[in-house]
Amino acid sequence: MKNPASEHRGTPDFLLLILTLLLVGFGLVMVFSASSSMTVVDQKYGNDALFFTRKQLMWAGIGTFLMLIMMNINYEKIRKLSGLFFIFALILLMIVPFAGVYLNGARSWLSIAGFSVQPTEFAKLAIIMYLATIIAKKDEKFREFKRGLLPVMIVVGFFAFLIMLQPDLGSCAILVICASVVVVAGGSNMKHITLSAAILIGLATLGLSVYLLFNPEFDGGYRLARFSAFLDPLADSQNSGWQLTRSLEAFGHGGLTGAGLGHSVQKLFYLPLAYNDFIFAVIGEELGFIGTTIFILFYLLFIWRALIVSLRCPDIYGTLVGIGIVSLIAIQALINMGGVSGAIPVTGVTLPFISYGGSSLLVMLIAMGVLLSISREYNRVIKVNEHR
């Protein structure tokens, strides 16, 4: 006779669930605060103060619904579906260069049924789930270069190539870094990784040198301008350094205690994309150093809890997926905050759960659903052991 406890699924990690919902809620508040003053006076947005907030709320609702569904699906079933999700993301990426919508210097969007979708966001999660599946399946064979690391490098490289066709350097870097984290966590041979990285860096340097040799008139475009602005934003504060200068002014105006929620000055047509890439600057201006510090500590608590859930999973696949998701959120948040604060060059990536962006929020919530499903497996094992 089967033990009923062994058939009973564990409870999800409610702390992680609550932290996720609180982050999404705070993000909605900040999207409204950062965008309402602009949209209410602009006929392009129908003079609607809730223009962006309403859309973000819709995606938050859909994402939360999908998160709850994923949370209640055994992650072993999710594992079986990861191949289909991988193919889906790959097809979308292959369509983008031909049918994508050109916006903000990149062809990164697809218009589907009246909605704008960014396939790169789905590709990030798809790569994580694909790598976790491959590593768990190959086990010790993954330490072999030809049967382990090489096929993975080819797949990740192809995804990165498709993303660079848009081009989207920030998302490409995030995808490659997250893939590397999963590969290292999966036990790949470090000698193979180090040698492969050195060869790839060498080839990239050689390729860039040859390109510059035959194209001496190439000035680096806006990417080089962003790097120059990072080195000295005041040198060209009216052009390439405009965003970073306004962002730093926002932090300065916020001071210790902030200007108060809704009272940011830089969001009033000074700071471009204040509700999107640079929403962290609005947080700094309105909540000040103290409020920003509390926000960062809360974010770190969220990442720490997600990492704990991942490491507690008794299955290698669940652990690797969890580590990949945590790295995706942490790395993207670090790049966004670093760029907005002037610590690293601006790359144009969103702040997970906070910035405006339907695709990003949807994928992040789906990823959290997978992570919460993983947490249920750990809690199920505990219940089984308690009933023995």
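The values are calculated or read from the model by the stated rules, or taken from the named source; none is laboratory data. Not measured: the values here are computed from a predicted model. Glycine gets a Cβ as well: all are built from the backbone with ideal geometry, and neighbour counts include every protein chain shown. Each accessible area value is taken on the protein alone, full model and side chains, heavy atoms only, with ligands, DNA and RNA left out. Shrake-Rupley method; radii C 1.70, N 1.55, O 1.52, S 1.80 Å.
With an 8 Å Cα cut-off and a minimum separation of 6 or more residues, compute the relative contact order for segment 276-352 in percent.
Answer for segment 276-352 is 34 percent.
Give the long-range amide H neighbours of S108: residues separated by 5 or more places, or on another chain, with amide H under 5 Å away, using H modelled in the peptide plane at 1.01 Å from N.
V101, L103
Roll a 1.4 Å probe over the protein chains and send me the accessible area per residue for segment 266-388 in Å².
33
Suppose all protein chains stay in the model; what accessible area per residue would a 1.4 Å probe give for segment 1-101, in Å²?
I get 55 Å² per residue for this part.
Could you tell me what percent of the accessible area of segment 280-388 is made up of carbon and sulfur, with a 1.4 Å probe and every protein chain present?
Heavy-atom surface of segment 280-388 belonging to carbon and sulfur, 1.4 Å probe: 71 percent.
Cut-off 11 Å, label point 7 angstrom out along Cα-to-Cβ of L200: give me the residues of segment 134-171 whose amide nitrogen falls inside.
150, 152-161
Mean separation of Cα pairs under 8 Å and 6+ residues apart, divided by the residue count of segment 25-85: what relative contact order is that in percent?
This gives 23 percent for segment 25-85.
List the pairs from K80/K141; K137/K191; K80/K191; K44/K124 whose alpha-carbon separation is above 29 Å, in the order I gave them.
K80/K191; K44/K124
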